[in-house]
Amino acid sequence: MSKVVSIISILILLTILSYSSVAQDNLYPLPLSHTDSGAIYLNDSLYKYFLSKGHYNEASKHLDEIAMIFWKHNYFDQAIKYFEQSIRLNEKVQNYDGIAKINTNLALIYFDKRAYDSAYKYFDKTLAVRRAQDQKVGIISALINQAVVLNKKKEYQLATQKLQEALSLAREINDMKQMRSCYGMLAETYQKAGNVDSAMYYYKYFKTFNDFLTNEEVRKTKAELEKEAALRKVAELEALTKELLLKQKEKELGKSQEQVARLTREQQALYDSLSKKELVLKIFEQKNRITSLENEVLKKEQKKKNTVIVLSLTVIGLLLLLVSLLIYFYHKQRKLFKTISEKNKVISKQKKELEVYVLMLRDKNKQITDSIKYAKGIQKAIFSRNLNLPQVLSDYFEIYLPRDIVSGDFIFSSKLAGKIYLALGDCTGHGVPGAFLTIIGYNLMNHILNSLHITDPEQIILKLNQSFYEILNQAETSNFDGLDVGLCVVDQKEKSLVFVGKNNNLIMTSQKGEFEIIRGDRYVFDLFSHNTEKKFKKKIIHQTQGVWFYLYSDGIIHQMNKDLLKFSTKRLTHLLGELHDLDAKEKRQKIMDTLKDWMLDTEQIDDITIIGFKIH
């Protein structure tokens, strides 16, 4: 039930992603207009002309134009024919960039035709060229395109490999937009593959990058608006400077007029002091001087008028330019504000819808979590029939770490005819589905041993395997769930141990720190032949003095660290060998500390269970 809700949540979240399908909904040919037919004829004529001149680059461009017209109108076969002709011309001039682009177009056409194998083949050709050119952005684009095709083919594992390579390259060149695309595609691919946890993991990264890039676009828009305001301020300062220059010219003209008035006063003084003859001469000279000054004043006035006219025309021109710029920037700003406003409305609406969905999901998640916690109590009650192993075995410890609230691993123990039967089961999956199977597995073990009184360990595992097959009706369904199990039969009187394993191993460590892996039988369920008669072989250990035995599920083996390295059987055996001189409590603490350090900054990927004991 938890996975169903998780799938619903991720489907809601992935509606925000800006990816759209490449394939067209309408694959029927659309009629060509007279303009389209004319363009085809013109490009065909130009292609033939340039081909006859040996200009293959130009000729190929006109073939591409014809192909694009046919592609636009869904005449796919004609478009493919012209693109293939263009590739042959580009090969002659070794135009590999052009070849890569045409291969991409051919891949998209085959995608439109839903011929996904052909689409993948041409995207692969594009990828080969981009790799040869070491064009990282082109490589990323080709890998993402291949992933889109693989999603259509439901080959999700290969699609994630392509996207992981693209993501690695995007990180290398620090291209945040490409990283956003890769995270979005990974979330979509894992969602389609049914891997909800991974889909949510990559969606979180997509959302982080998308929010950052959106904020960057808003910041750049604000910067452009501030730049426009600065340009307007500069224009205003230029107009003010020209006004000051005009006033300075007017001041100079006023000084010239004052000089003329001063000369007139000098003429009156001469008239009073000089004789008539001298006065006549002086008047004549004065007239000449006045005429000269008047001419000079007229020239200055004319020059002033010319200056005023030039300045007026310049100011008018600048005003017209300024008005034009203001009108242009006004419309541009208005359009920009309108676009931002519309986007804000859409974002606001989506935010409100998401808030509602988040509240719904939180409520549903709480209900489911409460139900699973209650189920954990039921599972614990069923397992409470086990022996008190620390008292029975003296030296004993166990580590039981469910990945989720309930576990897909279980420990079974019982005592019959003086022997201790101790088993560790690892059921298919984890969480609620795995927990259902643990209840089946535990009760079957109890029934086989204590009701059917089957005590031979080989027969116990064989009967357990057959019972799972019958209970899950695997002969009639496609279900192939089951469990891996390791069973130890301890004879404390004889100081011996018998081990039988189905896909589970037993590790032994000596007092000197030497270790040995007792491997169980490999078993793979055949869904078609339904063979459940697989024979299991027991291994008998007589020398048990001072030896520690360990049963474990594969959760610890497959647990990854931050470098994506698995803990591995090798690390586990070496760790247990190093702990040979510690008691049970110290061993358990040391294993827990080592596992904690290994899992630093990573999530637990599976249920982890380990049993350690010694025979006295």
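Return the residues of segment 496-516 that are open to solvent by less than 40 Å² (accessible area, probe 1.4 Å), farther than 21 Å from residue 426 by Cβ and out of contact with any helix residue (DSSP H, G or I) (no Cβ under 9 Å at 6 or more places or on another chain); say none if nothing qualifies.
Correct list: 496 only.
Return the total of residues in segment 577-616 being outside any loop (DSSP other than H, G, I, E, B), charged (D, E, K, R) and open to solvent by less than 10 Å² (accessible area, probe 1.4 Å).
1
Are there any pairs with C-beta distances below 7 angstrom linking a residue in segment 57-78 that is at negative phi to a residue that is not in a helix (DSSP H, G or I), with the two at least 6 apart or on different chains, and if so which?
57/93; 57/95; 73/29; 73/30; 73/32; 75/29; 76/113
How many residues does segment 364-389 contain that are open to solvent by 70 Å² or more (accessible area, probe 1.4 Å) and closer than 24 Å to residue 443 by Cβ?
The total comes to 9.
Show the residue pairs meeting these rules: Cβ distance below 6 Å; 6+ apart or different chains; first residue within segment 563-591 and hydroxyl-bearing (Ser, Thr, Tyr); second residue open to solvent by 60 Å² or more (accessible area, probe 1.4 Å).
Going by the 6 Å Cβ cut-off, the qualifying pairs are 573/515.
Output yes when any residue across segment 326-346 is among the charged types (D, E, K, R), over 28 Å from residue 211 (Cβ atoms), open to solvent by 80 Å² or more (accessible area, probe 1.4 Å) and without any contact (Cβ under 8 Å) to a residue 12 or more places away in the chain, and no when none is.
no
Name every residue in segment 404-421 that is open to solvent by less than 10 Å² (accessible area, probe 1.4 Å) and touching a Gly at 6+ places or on another chain (Cβ under 9 Å), in order of residue number.
Matches in segment 404-421: 406, 407, 408, 409, 410, 412.
Can residue 436 be described as under 43 Å from the mean Cα position of the chain (by Cα) and closer than 30 Å to residue 494 by Cα?
No, not satisfied.
Filter segment 443-495 down to the residues that are touching a residue at least 24 places away in the same chain (Cβ under 8 Å), under 30 Å from residue 543 (Cβ atoms), open to solvent by 60 Å² or more (accessible area, probe 1.4 Å) and assigned to a helix (DSSP H, G or I) and list them by number.
Selection gives nothing.
Filter segment 458-495 for residues that are out of contact with any helix residue (DSSP H, G or I) (no Cβ under 7 Å at 6 or more places or on another chain), of a type in the set (A, V, I, L, M, F, W, C) and within 18 Å of residue 554 (Cα to Cα) and give the result.
Of everything in segment 458-495, just one residue is out of contact with any helix residue (DSSP H, G or I) (no Cβ under 7 Å at 6 or more places or on another chain), of a type in the set (A, V, I, L, M, F, W, C) and within 18 Å of residue 554 (Cα to Cα), namely 488.
Find all pairs meeting these conditions: Cβ atoms under 7 angstrom apart; at least six residues apart or on different chains; first residue within segment 198-218 and closer than 14 Å to residue 347 by Cα; second residue open to solvent by 40 Å² or more (accessible area, probe 1.4 Å).
Going by the 7 Å Cβ cut-off, the qualifying pairs are 210/180.
Among the residues in segment 281-302, are any under 25 Å from residue 215 (Cβ atoms), among the small types (Gly, Ala, Ser) and either modelled with pLDDT under 75 or assigned to a helix (DSSP H, G or I) (or both)?
Looking for residues that are under 25 Å from residue 215 (Cβ atoms), among the small types (Gly, Ala, Ser) and either modelled with pLDDT under 75 or assigned to a helix (DSSP H, G or I) (or both), one finds none in segment 281-302, hence no.
Across segment 535-574, which residue is nearest to residue 429 (Cα to Cα) among those that are assigned to a loop (DSSP other than H, G, I, E, B) and under 28 Å from the mean Cα position of the chain (by Cα)?
Ranking the candidates gives 559 first.
Go through (1) open to solvent by 30 Å² or more (accessible area, probe 1.4 Å); (2) not in a loop (DSSP other than H, G, I, E, B) one by one and return the number of the condition residue 429 breaks.
Condition (2) is where residue 429 drops out.
Just checking, how many residues over segment 398-419 are among the β-branched types (Val, Ile, Thr) and at pLDDT below 95?
Total meeting the criteria: 2.
So which residues in segment 182-193 are crowded, with 24+ Cβ neighbours inside 10 Å and among the small types (Gly, Ala, Ser)?
Correct list: 184, 187.
The values are calculated or read from the model by the stated rules, or taken from the named source; none is laboratory data. Keep in mind the model is a prediction, meaning the values are calculated, not measured. Heads up, the Cβs are rebuilt from the backbone with ideal geometry, glycines too, and the neighbour counts pull from every protein chain shown. The area values use the complete protein model at the heavy-atom level, side chains included, leaving out ligands, DNA and RNA. Shrake-Rupley method; radii C 1.70, N 1.55, O 1.52, S 1.80 Å.
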